[in-house]
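Novice: Dropping the structure in here first, questions after.
The values are calculated or read from the model by the stated rules, or taken from the named source; none is laboratory data. Please read these numbers as outputs of a predicted model, since none were measured by experiment. Because the Cβ atoms are built from the backbone with ideal geometry, glycine has one as well, and the counts that use them run over all protein chains shown. Please note that ligands, DNA and RNA were not included when accessible areas were found on the heavy atoms of the full protein model with its side chains. Shrake-Rupley method; radii C 1.70, N 1.55, O 1.52, S 1.80 Å.
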Amino acid sequence: MHYFSWYKIKEKTKRNIKDFFYKDSSLRIISFFMAFYMRFVVFTSKKSLYNDDFVKKLVKENKSFILTSWHNRIAIGSYAFTHSKKLNKDFDFYAVASNHGDGRIVAEFLNRFNFKVILGSTRKGNDLKKGMSLSNFRKIFRLLSKDGSAICITPDGPRGPRFKISGQIAAIAQKTSVPVIPISYSISRRKIFNSWDRFILPLPFARAAFCLGDPIYIDRKSKNLDQENKKIEDAINKISRFSDEFVNVNPLN
C-alpha cells in the first residue's frame, strides 16, 4: 500500500515538473539561455565551414531545397546557415520540430536563430493527433514547390532509431523535385549524453566543423523510396563521420 502511495506521489511530481517546464513562459526562458550558450560556444571556438558553395548558390538564386541532419547534431548546426540570410534577405529557413514538449523547446531555440518552425513529424505512419497536422504537411509541400524556402528535417524521428531514417523525406523530395542536402557538425570538446540519439552538447573553446554533403536528387520515376531513403541515410552518416574526422574526434555509433 505504501509502495503505491509513494509511486503516485513520484509520478505526480514528475508531471508537475514537466508541466512547469513546458509552459510557454518557461520555454521562452529555457530557449533564451540555450541560444545564449550556443552563441558563446560558436564565438569562442575556431570554426571551419566545409562545402557550402552549393547552398550559397541556391540561396542567391532563391531556389528551394531540403536540409537534413540527425537529431544529435542540431545543437549549433544552425550556425552554418545564419550567414546565408545575408545573401538573400527574402529567403526563408524553416525547421520541422516534433509536437511534444521537447520539440517545442527546440522550436523556441530555432526561432532565436531566424528559423521559422513547423511543428509535427514526417515519420511514417504518423498519428496526426500526436504529430503533424494535415495542413502543416501540406505547408511543407507548398513551401518547397515554390522558390525561396529551405526546410530542415531530422529524419530519424523524435524517438529514433538512431541514425536511421524513419520519415518520408525521400517522398517529399521526389514530389517537390528539390535537392536534399545532408549536413552535420562536430566539435573537438563535447559531452555526449546517454540518450537514444547520443546527443552532442558542444563545449566552448574548441575546434568546430560545419560540413555539408553533395546534393541528392530523387528520381521522379523511382518507385523504391526505401532505397532512396537509404541513400540519404548513408550520406548523412558519411558527412557526420567526415566532420568528426575534421576535428579529430571518435565517430559515434
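Novice: Looking at N248, N237 in this structure, which one is farther than 24 Å from R39 by Cα and in contact (Cβ under 8 Å) with a residue 60 or more places away in the chain?
Specialist: That would be N237, the only listed residue that is farther than 24 Å from R39 by Cα and in contact (Cβ under 8 Å) with a residue 60 or more places away in the chain.
Novice: For a quick check of your reading: which strands (runs of 3 or more DSSP E) sit entirely within region 155-203 and have at least 3 residues that are open to solvent by less than 50 Å² (accessible area, probe 1.4 Å) and touching a helix residue (DSSP H, G or I) at 6+ places or on another chain (Cβ under 8 Å)?
Specialist: Ranges flagged: 180-187.
Novice: What number of residues within region 143-154 satisfy the criterion of being among the basic types (K, R) and open to solvent by less than 20 Å² (accessible area, probe 1.4 Å)?
Specialist: Selection size over region 143-154: 0.
Novice: Show the residue pairs that are 6+ apart or on different chains and have beta-carbon atoms under 8 Å apart, the first residue being within region 125-151 and within 22 Å of S177 (Cβ to Cβ) and polar (S, T, N, Q), the second being assigned to a loop (DSSP other than H, G, I, E, B) and modelled with pLDDT of 75 or more.
Specialist: Pairs found: S145/S64; S149/S64; S149/F91.
Novice: Can you name the residue in region 43-95 that is β-branched (V, I, T) and in a loop (DSSP other than H, G, I, E, B) and, of all such residues, is most open to solvent (accessible area, probe 1.4 Å)?
Specialist: I74
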